Amino acid sequence: MSGVPQGEVIFEITRVGDAQRVAAIDVASGVEVVIQAPANAALADVRALALRKLERALAGTAPPPPPERPGKLI
């Protein structure tokens, strides 16, 4: 899967005191990322930041291969 969301992205913005919690969810894969920003931050800025974090998360979703021989034999 590439790092760019191909379909819908859902943004969930919740105000928590003097901060806002912004979650970005890729609908196709179900991958979710969360950022926190000041409550007075511009909506466009926090959405763009969350989208960039989601793109980065989608680019690295493949787990690393397991080691050939885990552990150390003595």
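Coordinate-derived values only; no laboratory data. It should be emphasised that the depicted structure is a prediction, and the values quoted were computed from it without experimental measurement. Backbone-built Cβ (ideal geometry, glycine too); neighbour counts: all protein chains shown.
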> Which of the peptides 15-21, 32-38, 51-57 is most tightly packed, and how do the rest follow, going by the mean number of other Cβ atoms within 10 Å of each residue?
Replying inline: 51-57, 32-38, 15-21
>> I'd like the Karplus ³J(HN,Hα) series for the range 11-28: coefficients 6.51, -1.76, 1.60, θ = phi - 60°, whole numbers in Hz, and an x wherever there's a Gly or Pro.
In response: 10, 10, 10, 10, 8, 10, x, 8, 10, 10, 9, 10, 10, 10, 10, 7, 5, 5
